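Read-outs: derived from the displayed coordinates by stated rules, not from any lab. Being a predicted model, the structure only gives us computed values, none of them experimental. Note that we place each Cβ from the backbone using ideal geometry, even for glycine, and neighbour counts take in every protein chain shown.
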């Protein structure tokens, strides 16, 4: 019978769209049964999204059939974004969802801690000065006690501090410590109200030649403490090799640009034992009972389910139902809570698939507000000859039950349409870790039960209660927004509960050069019908705002209006924050609803405070017309417009000598030479532009995957040098250079208030034509001179800078604005 698996090659492995309901085919059901019969678990452990080894996660999940998960300490908020302009919190949301999509492909699960990815760190000591070690360790222990891994595999080595990202080494250090204390009741006893202590059996490091500096050194290394695995195994039931699955999983990290090509054939992975006993064979679970007999009362269950596995009928999977239901009932009687809950969830999904049961609760609206009423479409269909009765559907978070008591006959759908009110007590849909203000190093989560979860549970869930072959079994489905797109067809997205109005400011920063008022644009969107209220701009007393408020009326849900206020700054230089407030019947709204839409992840709704930093600062500038060539995505153009520049975004294909004559400076966006192949062919035109008197400013690029080494008119070599301490001292190496003096005088104070870092990927070698402007360093390191380099070329100036302007300008760092204005003013004598 198992030979029938081969007939399913073309359809057996479906990589589902973000929110599309899962519908298992026979081959996938069989895989799930095999996993149901394996009672062992592996936890992969690292610091960021994209740190995980998808090849090993896929291998242990799909080949070994172990429950496999990835624990990422952070959500990658401090990284860069290659697909859009989102950074920090919004980028963390994107990267969280990318991890979840990756796990759908490689078969793993996903967990997190509350640690905030504050940016690159060079040592674990620096990392733990910013993270709260006790809180991060508590989250690590909680995840271990909840997941109960037999095996932990670290991505990084705890013994090599300073050789990689400080977050990386810290993850390994915390893992090693957690291995020793997770099973001790003295540590974090408050967790024991809901969890049991847990002692993993073995701890490994996922090592490779990279840890040794070269393949030759790795070949010579003592491997007596290593296990090696050929992870290139081929899965006939999936029509893919393990490496191909891993590449598809890895490629979900699109915001990081980690698209990966699958490979076929033998491929080795190595793990080095750090703690626990070394297995006598290559079996990582050797000596660990991974059968049903490890659970008291499990032997009988194992006997039934192995019989299901041995006699599974791929053509008629429903034939396994009697034994599956018998096993399900026995699982409910297990005293071991961990295995009872875990295996109940697994076997229920198998029962659902074997019957061809399809259950859905959808609504035709993607957003709704509290105290509103929504229409819900319910569907249930049994596509087998099994005896199934739909008894009722309960919406526990809405305190609503619908009695049905209808038999579900083979292939006869049940439909029902209902209307339900959303209570005022309902929670807004928002990533739970963003509900409260965070610190630089930690997110605040007041609802402790959510800690560790990858995302907030669905706003509304429908619980379908059924009788299947006379046995009561329930299934919970998230309420989803469902629509038909003319291009994409059937589309599912998460349903969200949102405030009745969103107020968003057009600019994150406004610079006032003098006392001249500036227009502040507020975008107001209604999320309910017949909304009336007043919008005002809240500002400190010495910042004048007119008019004081503007009445608004919205007849339709989803309607938007744009209003403009005039803001006059105080006489003296000052920085402040302003924020919009919409008032409706004494209820005030000051948050903006961000909707993140990308094809590879589910639509995300994020609710954040709306605010703009306003700065009274007499910034001088020379020149006005700026051409901006975008790279990996940033908001620098918007920031430059905030200080009065006319910025035109041009594509590489638009670069011509005639076109560039119109601009006082050309700015190349971050990582453009990593992402824009066409720039390679436009370099001669850009260099001629400089030679003829223009200013060309190139922002940071990584030295990995450069499209061309010829990024400057003179020799220039990029490195991985960076200064991560945003408070580090900055020395003016060339004090009299125009870039520090004209048209704005730059002082040490202009480097106060920088965020996340000073800069990254500085050049470490350059020709004599370049003048290094600044010197800076991290603690206990040598000074670096490559953060800002200027070279005259012909009549113009070429500038390369690794300073993190793409972070500082949106954050409203006034000194960064002054320095960037000076860079753009080079050679301009207007």
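As a rough footprinting exposure proxy, the listed residues 420, 408, 531 were ranked by other beta carbons within 10 Å of their own, and the order from fewest upward is 420, 531, 408.
Only counting other Cβ atoms within 10 Å, I'd like 505, 192 sorted with the fewest neighbours first. All intermediate terms of the calculation are to be shown ahead of the outcome.
Details: 505 19, 192 12.
The most exposed by this proxy come first: 192, 505.
If R0 is 25 Å, the Cβ-Cβ spacing of residue 412 and residue 365 corresponds to a FRET efficiency of close to 0.30.
Using every Cα-Cα pair within the range 445-553, state what percent have a distance larger than 17 Å. Numbers along the way, then the final one.
Values: 4474 of 5886 pairs.
The answer is 76 percent, as a whole percent.
Relative contact order, whole percent, for the chain stands at 10, derived from Cα pairs under 8 Å and 6 or more residues apart.
Take every Cα-Cα pair in the range 776-825 and report what % of them are more than 14 Å apart. Write down the numbers at each step before the final one.
Numbers: 753 of 1225 pairs.
So the portion of pairs separated by more than 14 Å is 61 percent.
Counted by neighbouring Cβ atoms within 10 Å, the residues 328, 817, 579 run from fewest to most as 579, 328, 817. Each listed q (0.08, 0.10 Å⁻¹) maps to a log10 I(q)/I(0) for the chain, found by the Debye formula over equal Cα scatterers with no solvent: -0.81, -1.21.
Let me check I have the definition right: for the range 620-825, take the eigenvalues of the Cα gyration tensor, multiply each by 5, take square roots. What are those semi-axes in whole Å, largest first?
Details: eigenvalues 116, 73, 53 Å².
Equivalent-ellipsoid dimensions as semi-axes: 24, 19, 16 Å.
Under the criterion of Cα pairs below 8 Å and six or more residues apart, the relative contact order for the range 126-209 equals 41 percent.
Computed over the range 40-288, the P(r) curve from all C-alpha pair distances, binned at 10 Å from the origin, holds 7, 30, 38, 21, 3, 0 percent per bin.
Give me the number: length gained by fully extending residue 221 to residue 277, i.e. 0.36 nm times residue separation minus the C-alpha to C-alpha distance, one decimal in nm. Walk me through the intermediate numbers first.
Details: separation 56, 0.36 × 56 = 20.16 nm, distance 2.06 nm.
Separation in residues times 0.36 nm, less the Cα-Cα distance, equals 18.1 nm.
Can you work out D for the range 246-339 in µm² s⁻¹ from Stokes-Einstein, where Rh is the Kirkwood radius over C-alpha pairs, the temperature is 10 °C and the viscosity is 1.306 mPa s?
D, rounded to a whole number, is 89 µm²/s.
Projected label points at residue 714 and residue 659, each 7 Å from Cα along the beta carbon direction, are separated by 2.8 nanometres. Of all DSSP-defined beta bridges confined to the chain, some 70% are antiparallel rather than parallel. Inter-part distance, the range 412-478 to the range 284-304, computed on C-alpha centroids, equals 33 Å.
Inter-part distance, the range 66-110 to the range 159-226, computed on C-alpha centroids, equals 21 Å. Evaluated at q = 0.08, 0.19, 0.20 Å⁻¹, a Debye calculation over the C-alpha positions of the range 12-171 (equal weights, vacuum) places log10 I(q)/I(0) at -0.26, -1.23, -1.31. What is the angle, in °, between the Cα long axis of helix 26-36 and the longest principal axis of the Cα atoms in the chain? Nearest 10 is fine, range 0 to 90. The angle comes out near 80 degrees. Across the range 599-682 the C-alpha pair distances fall into 10 Å bins from zero in the proportions 14, 35, 30, 17, 3 percent.
Quick one: angle between helix 679-691 and the longest Cα principal axis of the chain, in degrees between 0 and 90, rounded to 10, please. Tilt of helix 679-691: around 10 degrees.
Could you tell me the center-to-center distance, by alpha carbons, between the range 678-720 and the range 343-363 in angstrom? Spelled out, the Cα-based centre of one part sits 56 Å from the other. Modelled label positions at residue 471 and residue 529, each set 7 Å beyond Cα in the direction of Cβ, lie 4.7 nm from each other.
Which whole-number percentage describes the relative contact order of the range 620-825, with Cα contacts under 8 Å and a sequence gap of 6 or more? Could you put the intermediate results ahead of the total?
Numbers: 461 pairs, mean separation 50.1, N = 206.
RCO, the range 620-825: 24 percent.
When the P(r) is computed for the range 661-744, the part past 22 Å accounts for 40% of the Cα-Cα pairs. Cα-based radius of gyration for the range 740-782, normalised by 2.2 N^0.38 Å, reads 1.41. Pair-distance distribution P(r) for the range 339-438, from all Cα-Cα distances in 5 Å bins starting at 0: 2, 10, 16, 17, 16, 15, 13, 7, 2, 1, 0 percent.
Based on the reciprocal of the average 1/r between different C-alpha atoms, the Kirkwood radius for the range 144-266 equals 17.5 Å.
Which three numbers, in whole Å and largest first, are the semi-axes of the equivalent ellipsoid of the range 501-615 derived from its Cα gyration tensor as √(5λ)?
They are 27, 18, 11 Å, listed from largest to smallest.
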